[in-house]
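Undergrad: Mind looking over this structure? Questions follow.
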C-alpha cells in the first residue's frame, strides 16, 4: 500500500459566514479523505488555546496547512495567537525543540486584491512570497519544509459559481496530492504559488 501522509488543516476565519471563497474552500477540504480539518475559531471562540492538545495534533500529522484570509499582510488574530503559544521553545525550536523537524507547511490563502496588486509595480509593492516571509521563516526555525503557497486572489469580486468551484476543486486536488505524496518537489523552486499552474507541479 502506498504511503499516505497525514494532513492537518488549521483553519482561521473570524467571519466565515460572510465569506464565499473560504466557505467553499473549507467545504472542499473537509471532503478530502484522510484530511483532519481543525477550525480554530470554532474550537476556541474565547481564544483560550489548549496548547498540549494543539501540540499533540501537530505530532500526529506530517503536513500542516495554514488556511486563512490574508488580513493586513498576515493572518487573523487567533491564528497568530496559536503560533505564539503552540510553537513554544523546547517544543518547536531551541534546545530540545525538534518535535516538528521534517514536517511540511503550506499556506492556503485568500486575498481581497487581484494578483497584480502584489509586486513591485502593484499597490502592495511586495510579492506574496516576500509578504509571507515571517511564515516561511517560522517554518525554517522549526526545521519544517515550507511549500509555495496556495493563493486565491481577488476574493472580493469572486462571485461566479463556476470559478468558485474551480478554485475549490484545485484546492482539493492539491490536498489529495500532498496526502498521497504526488507533489513533485523538484518542480517547486520557481513556482510563485502552488496553484498558478497545477500541471507545472505534476498534477
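Undergrad: Could you work out the relative contact order of segment 7-201, using alpha carbon pairs under 8 angstrom and six or more residues apart, expressed as a whole percent?
TA: 23 percent.
Undergrad: Only helical DSSP H runs with n ≥ 4 go in: add -39500 (n - 2.57) per run for the chain, normalise by residue count and round the 222 nm mean residue ellipticity to 500 deg cm²/dmol.
TA: -9500 deg cm²/dmol
Undergrad: Okay, next question. For the pair residue 56/residue 4, report the inter-label distance in nm, with labels modelled 7 Å from Cα in the Cβ direction.
TA: Inter-label distance under the simple model: 2.3 nm.
Undergrad: Still on this model: Given a cut-off of under 8 Å on Cα pairs at least six residues apart, what relative contact order in percent is computed for segment 96-203?
TA: The normalised contact order for segment 96-203 reaches 30 percent.
Undergrad: Mind telling me which of 101, 53, 20 comes out most flexible in a GNM of the chain, alpha-carbon contacts under 10 Å?
TA: Among 101, 53, 20, the largest GNM mean-square fluctuation belongs to 53.
Undergrad: Modelled label-to-label distance, residue 180 and residue 141, 7 Å Cα→beta-carbon offset: nm?
TA: Placing both labels 7 Å along Cα→Cβ, they lie 3.7 nm apart.
Undergrad: Given the Cα-Cα distance of residue 160 and residue 19 and 0.36 nm per residue of separation, how much length would full extension add, in nm? Mind showing how you got there, number by number?
TA: Working: separation 141, 0.36 × 141 = 50.76 nm, distance 1.35 nm.
That works out to 49.4 nm of additional length.
Undergrad: If you don't mind, there's one more thing I want to ask. Order of 104-113, 138-147 by packing, highest average Cβ count within 10 Å first?
TA: Details: 104-113: 21.5, 138-147: 18.4.
So the peptides 104-113, 138-147, ranked by packing, come out 104-113, 138-147.
Undergrad: Residues of segment 134-151 with the amide nitrogen closer than 16 Å to a label point 7 Å from the Cα of residue 173, along Cα-to-Cβ, please.
TA: Under 16 Å, as judged by backbone N against the label point of residue 173, lie 150-151 of segment 134-151.
Undergrad: Rank 174, 191, 159 by mean-square fluctuation in a GNM of the chain with C-alpha springs under 10 angstrom and give only the top-ranked residue.
TA: Answer for the Gaussian network model of the chain: 159.
Undergrad: Return the single residue from 40, 123, 131 with maximal mean-square fluctuation; model: Gaussian network over the chain, springs between Cα atoms under 10 Å.
TA: 123
Undergrad: Where the centroid of each part is defined by its Cα atoms, how far is segment 147-165 from segment 105-125 in Å?
TA: 12 Å
Undergrad: Now for a different question. Translational diffusion coefficient, Stokes-Einstein: compute it for segment 108-203 using the Kirkwood radius over C-alpha pairs as Rh, at 20 °C and 1.002 mPa s, and state it as an integer in µm² s⁻¹. Numbers along the way, then the final one.
TA: Numbers: Rh = 14.4 Å.
Value of D from the Cα-based Kirkwood radius: 148 µm²/s.
Undergrad: Across all directions of projection, what mean area in square nanometres is found for the Cα convex hull of segment 7-201?
TA: Its Cα hull, projected and averaged over all orientations, spans 10.8 nm².
Undergrad: Label points 7 Å out from Cα along the Cβ direction at residue 191 and residue 117: separation in nm?
TA: 2.5 nm
Undergrad: Expected output is a single nm value to one decimal: the length gained when fully extending between residue 98 and residue 74, i.e. 0.36 nm times separation in residues minus the C-alpha distance. What is it?
TA: Extra length from residue 98 to residue 74 when fully extended: 6.1 nm.
Undergrad: Here's another thing I want to ask about it. Which percent, nearest 5, of DSSP beta bridges in segment 7-201 are antiparallel?
TA: 5 percent
Undergrad: Taking 0.36 nm per intervening residue step and subtracting the Cα-Cα distance, what contour gain separates residue 30 from residue 198 on full extension? If you can, show how the numbers build up before the last one.
TA: Working: separation 168, 0.36 × 168 = 60.48 nm, distance 2.06 nm.
Contour length minus Cα-Cα distance gives 58.4 nm.
FYI, it's all coordinate maths here, none of it is from the lab. Bear in mind the structure is a predicted one, so any value in this text is a computation, not a measurement. We place every Cβ from the backbone using ideal geometry, glycine too, and count neighbours over all the protein chains shown.
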